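Since every read-out is calculated from the coordinates, none of them should be taken as a lab result. Since the model is a prediction, treat every value here as computed from it, not as a measurement. In this analysis, Cβ positions are derived from the backbone assuming ideal geometry, glycine residues included, and neighbour counts consider all displayed protein chains.
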Amino acid sequence: MICPYIINISLLVGGILSWAIMWPLIDARKGDWYSADLKSSSLHGLQGYKVFIAIAMILGDGLYNFVKVLGRTFIGLYMEFYKKKARSSSDPDSSSSLSYDDKCRTDMFLRDQIPAWFALIGYVIIAVISIIVVPMIFHQLKWYYIVVIYVIAPALAFCNAYGCGLTDWSLASTYGKLAIFTIGAWAGASHGGVIAGLAACGVMMNIVSTASDLMQDFKTGYMTMASPRSMFVSQVFGTAMGCVISPCVFWLFYKAFGNLGVAGSAYPAPYALVYRNMAILGVDGLSALPKYCLIFCYAFFGFAIVINLVRDLVGKKWAEFIPVPMAMAIPFYIGSYFAIDMCVGSLILLIWRKLDKFSADTFGSAVASGLICGDGIWTLPSSFLALAGVKPPICMKFLSRAQNAKVDGFLES
């Protein structure tokens, strides 16, 4: 109910394309393309096609938007520099054109700005701590890998923060994937390249995403005339709280649900599987792919780029009717049930808007937030019940026609 209709339709299209068309066709080649004796979780079987084709679409979409946002960033910087130079030559007192409110906002923001020396020293201290501590946690991630990340990260963080301000699109995950492939390949399979790549991804994403998030918050603070120093201190406290709360929440889920992260469970953690297999691909190369999977990956990688290009060329009016590749890729490995849930929410909102558009536009987000909070809050008592060993009185599961026939046959025998 919060996402645009085209996102939910994209999820549905991706679910139909993958689970209704592609996976049955590939599964029919079992024994020819891949061994029929493989486990369902093996990357050399059907699971490999699901994961790597989804990765190809995600990488194609990410690469296209990375180039687009980076291009807009450089164009924006050039235009800003050109305008600033023109203003300084034509009107030395260009600030006089600002409104009274903007002058007050600018004065407040500049008066309480964070000194450059403080930012530089803070970054160096955090880098030193990371260089010492992170290799103790992940032995495969050597200290010189982290040095390289912290040297490169400021430039990437600046580009991401500026690009996010222009387009409202953070590319932190794209920079994280870049770290997976580069550090993973650098370390190699014999030196734990998979773990090194994933750990490097975590370090890179935290640096780059924090920069864009903080700049977005500073923009909000500028508009509301809040002190940048107060906002920064609040961010530090929030980060410190997260360092304690997040591991506790993970421990609670890990202890309460023994199948956490397992495909088909209540909490499959699908992105964990995707990023792990990106690391495997970066370390082992194309040998990790099952038969003909590389051809499919090339096709869907190009498909994602072409779809994004068409969306940008046709304009905003017609782009609303063209699916989004990133959203289409999600059901490829999560499953189609998620797309059905999303489309049901869109259908409810669509009917509501037909009956009372003003009420739907006013309260739609509130209703969606209530559904999200209610579903999320229930996980807490559910976890405690699971820790106490309480079992639900009934279980419900939906099966395909073929699986249902097997179950019926088993019960009859």
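Some values worked out for this structure:
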quantity	calculated
Two-site label geometry, THR210 and LYS255: point separation in nm, points 7 Å out along Cα→Cβ	2.8
Cα-derived Rg to Rh of the stretch 297-413, Kirkwood definition	1.10
Equivalent-ellipsoid semi-axes of the stretch 176-291, from the Cα gyration tensor, Å, largest first	34, 21, 12
Backbone N within the stretch 1-32 under 18 Å of label point (7 Å from ILE377 Cα along the Cβ vector)	none
³J(HN,Hα), Karplus 6.51/-1.76/1.60, whole Hz, each residue of the stretch 401-413, x for Gly, Pro	4, 5, 5, 5, 5, 5, 5, 4, x, 5, 5, 5, 7
Partner aspartates and glutamates for LYS103 [C-alpha distance under 15 Å; skip if fewer than 8 residues away on the same chain]	ASP93, ASP112
Helix-only mean residue ellipticity at 222 nm for the chain, each DSSP H run of n ≥ 4 adding -39500 (n - 2.57), per residue, nearest 500	-25500 deg cm²/dmol
Pairwise label distance in nanometres, VAL344 with ASP102, each label 7 Å out on the Cα-Cβ vector	4.9
Gyration tensor verdict on the stretch 163-241 (Cα atoms; rounded if a/c is under 1.5, prolate if a/b is larger than b/c, oblate otherwise)	oblate
Entries in LYS30/LYS50; LYS83/LYS177; LYS177/LYS317; LYS30/LYS397; LYS39/LYS291; LYS291/LYS397 that, when Cα-Cα distance is taken, lie over 24 Å	LYS83/LYS177; LYS177/LYS317; LYS30/LYS397; LYS291/LYS397
For VAL324, residues with placed amide H under 5 Å, excluding near neighbours	SER10
Contour minus Cα-Cα distance for LEU63 and ALA405 (0.36 nm per residue)	118.7 nm
Theoretical gain in end-to-end length, ALA266 to PHE303 [0.36 nm per residue, Cα-Cα removed]	10.2 nm
Vicinal HN-Hα couplings computed from phi for the stretch 196-203 (Karplus, 6.51 cos²θ - 1.76 cosθ + 1.60; Hz; Gly/Pro x)	4, x, 5, 5, 5, 4, x, 5
All Cα pairs of the chain, percent lying beyond 29 Å	59
Karplus-derived HN-Hα couplings along the stretch 303-308 (A = 6.51, B = -1.76, C = 1.60, θ = phi - 60°), whole Hz, x at Gly and Pro	4, 5, 5, 5, 4, 5
Shape category assigned to the stretch 250-359 from the gyration tensor of Cα positions, a/c cut at 1.5	oblate
Convex hull volume per residue for the stretch 300-341, taking Cα atoms only, in Å³	65
